[in-house]
Amino acid sequence: MNPELRSGFTTGAAMTAGALAVFLRRSGEVELILPGADRIRVPVESRTEESAVIRKDAGDDPDATHGAHIEVLFRKADASELLPEDYLESAGELTVIVRGGEGVGMVTRSGLAVPPGKSAINPGPRKLLMDNLLRLGVSGIWLLRVSVREGAAMADQTLNPVLGIRGGISILGGGGIVRPCSNAAYAATIFLQIRMAAREGADTIALVTGRRTEQAVRRDFPALQELQIVRIADFIAHSLRCADHFGIQHVIVGCMPGKLMKYASGDENTHAHRTPLRPAMLREMGIGVRIGSELETIHTMGELADRLSPAEYGTVLERLKPLALKYLKKWGGTCQVELALYGEQGERR
């Protein structure tokens, strides 16, 4: 992790902080004890007698829920208030009914950390909540309802709709801390989606790097169902290894020239900061381009395309494809890997 990047806290930590703020009648900030005995202090944006609002801070991690307002109702309750979609958490003298409110998704598919028909509040955050309440000596029966303002809209920027989580985001992160650029949660989501596709009998999946490649793959491979198209961002090697692990037979890798270059370079993670484009490697690969020393000043494949004729650029791409496929097949193990390369306008190259 880059030491200059700032860590944040998870939606699970925000939920717990909201409950503590209400119980302690505290504004300003509250302290959470995390697994492993680490501590974090979470700011409280506002508080009333029975509720608190925590504004999610993901630090410098590219998190779709950064800035979300997590609203937590926490009050004394009766066991008769339990609904089918709720969780009943009990330990010692404490029982908490944990409920997802507006903006928190509902699970509709099996294979996730929580079963279908339940609110998308993972076990880790529920344990973090109980551990912190017990530490404070809270007892009796309580109701906690967690809601997320604009949560349904935020969910469209996540993989929740694909995973079968409808109507909002998930409450995640029992560890409490969001560590920037670790991307562990995203990698775990890729694992889950591929596992779910395999469990539903899919023998083919498509790995796409973003919106444009996803649209192009949907057009060119219309038989694929939603669950079979997996957005992988930079996690190419991880995704292919997951596909191999779950016995996927055929993997379509949809990408654009920038990613193609990185695959051909053997980069297992193609994040721009980790794997800057190295056009000079074209020479090392034996791919000659006729622009002399200027090659060293080019930072993107788009710039390279601007310096070459369409035919010359096309030749470069054709030379890169088998080099990329060598690594893709290596990471994919027994999977049959098909490369689908697209240009800026979504055209097949």
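The values are calculated or read from the model by the stated rules, or taken from the named source; none is laboratory data. Predicted, not measured: the structure shown is a model, and the values here were computed from it. Please note: Cβ atoms are built from the backbone with ideal geometry, for glycine as well, and neighbour counts cover all protein chains shown. Surface accessibility is based on the protein's heavy atoms, side chains included, excluding ligands, DNA and RNA. Shrake-Rupley method; radii C 1.70, N 1.55, O 1.52, S 1.80 Å.
Looking only at the range 187-220, which residues are closer than 16 Å to HIS238 by Cα, open to solvent by 40 Å² or more (accessible area, probe 1.4 Å) and not small (Gly, Ala, Ser)? Those that are closer than 16 Å to HIS238 by Cα, open to solvent by 40 Å² or more (accessible area, probe 1.4 Å) and not small (Gly, Ala, Ser): PHE191, LEU192, ARG195. Of all positions in the range 53-76, at least one carries a residue that is under 22 Å from PHE9 (Cα atoms), of a type in the set (Phe, Trp, Tyr) and open to solvent by less than 50 Å² (accessible area, probe 1.4 Å).
Filter the range 100-132 down to residues that are outside any loop (DSSP other than H, G, I, E, B) and either aromatic (Phe, Trp, Tyr) or within 18 Å of ALA155 (Cα to Cα) (or both), then give me how many there are. Let's see the steps before the verdict.
The first filter runs over the range 100-132 and keeps only residues outside any loop (DSSP other than H, G, I, E, B), leaving 100, 104, 106-107, 119, 121, 123-132.
In the following step, the residues that additionally are either aromatic (Phe, Trp, Tyr) or within 18 Å of ALA155 (Cα to Cα) (or both) were identified as 100, 104, 106-107, 119, 121.
Summing the residues that are outside any loop (DSSP other than H, G, I, E, B) and either aromatic (Phe, Trp, Tyr) or within 18 Å of ALA155 (Cα to Cα) (or both) in the range 100-132 gives 6.
If you take the residues of the range 1-41 that are of a type in the set (Val, Ile, Thr) and under 18 Å from ILE169 (Cβ atoms), which of them is modelled with the lowest pLDDT? Break it down into steps so the answer makes sense when it comes.
Restricting attention to the range 1-41, the residues satisfying the condition of being of a type in the set (Val, Ile, Thr) are 10-11, 16, 22, 30, 33, 40.
From what's left, under 18 Å from ILE169 (Cβ atoms): 10-11, 16.
Details: THR10: 91, THR11: 94, THR16: 98.
Here the residue is THR10.
The residues of the range 77-99 that are surrounded by fewer than 18 Cβ atoms within 10 Å (Cβ to Cβ), assigned to a strand (DSSP E or B) and among the aliphatic types (A, V, I, L, M), listed by number, are LEU88, ALA91, LEU94.
Name the single residue that is surrounded by the most Cβ atoms within 10 Å (Cβ to Cβ) among those in the range 128-166 being of a type in the set (S, T, N, Q) and within 16 Å of the chain's Cα centre (by Cα). Before you say what the answer is, go through the steps one by one.
Taking the range 128-166 as the starting set, the residues that turn out to be of a type in the set (S, T, N, Q) are 132, 139, 147, 157-158, 160.
Still in the list and also within 16 Å of the chain's Cα centre (by Cα): 157-158, 160.
Values: GLN157: 12, THR158: 21, ASN160: 23.
Only one residue tops the list, namely ASN160.
One residue is enough: does the range 222-241 have a residue meeting the conditions assigned to a helix (DSSP H, G or I), charged (D, E, K, R) and open to solvent by 30 Å² or more (accessible area, probe 1.4 Å)?
Quick first cut of the range 222-241, residues assigned to a helix (DSSP H, G or I) only: 226-228, 236-241.
Retained after the next criterion (residues that are charged (D, E, K, R)): 226, 241.
With open to solvent by 30 Å² or more (accessible area, probe 1.4 Å) added as a condition, the list becomes 226, 241.
So far as the range 222-241 goes, yes, one or more of its residues are assigned to a helix (DSSP H, G or I), charged (D, E, K, R) and open to solvent by 30 Å² or more (accessible area, probe 1.4 Å).
Could you check how many residues of the range 20-50 are under 15 Å from ASN132 (Cα atoms), among the small types (Gly, Ala, Ser) and surrounded by fewer than 15 Cβ atoms within 10 Å (Cβ to Cβ)? Selection size over the range 20-50: 2.
Mind checking which residues of the range 194-221 are assigned to a helix (DSSP H, G or I) and either hydroxyl-bearing (Ser, Thr, Tyr) or more than 19 Å from LYS259 (Cβ to Cβ) (or both)? So that I can check it myself, show each step before the final result.
As a first pass, look at the range 194-221 and keep what is assigned to a helix (DSSP H, G or I): 194-199, 211-220.
The answer is ARG195, MET196, ALA197, ALA198, ARG199, THR213.
Given VAL217, VAL208, which one is within 21 Å of THR270 (Cα to Cα) and under 19 Å from the mean Cα position of the chain (by Cα)? Spell out the reasoning first.
Details: VAL217 fails: under 19 Å from the mean Cα position of the chain (by Cα).
Of VAL217, VAL208, the one residue that is within 21 Å of THR270 (Cα to Cα) and under 19 Å from the mean Cα position of the chain (by Cα) is VAL208.
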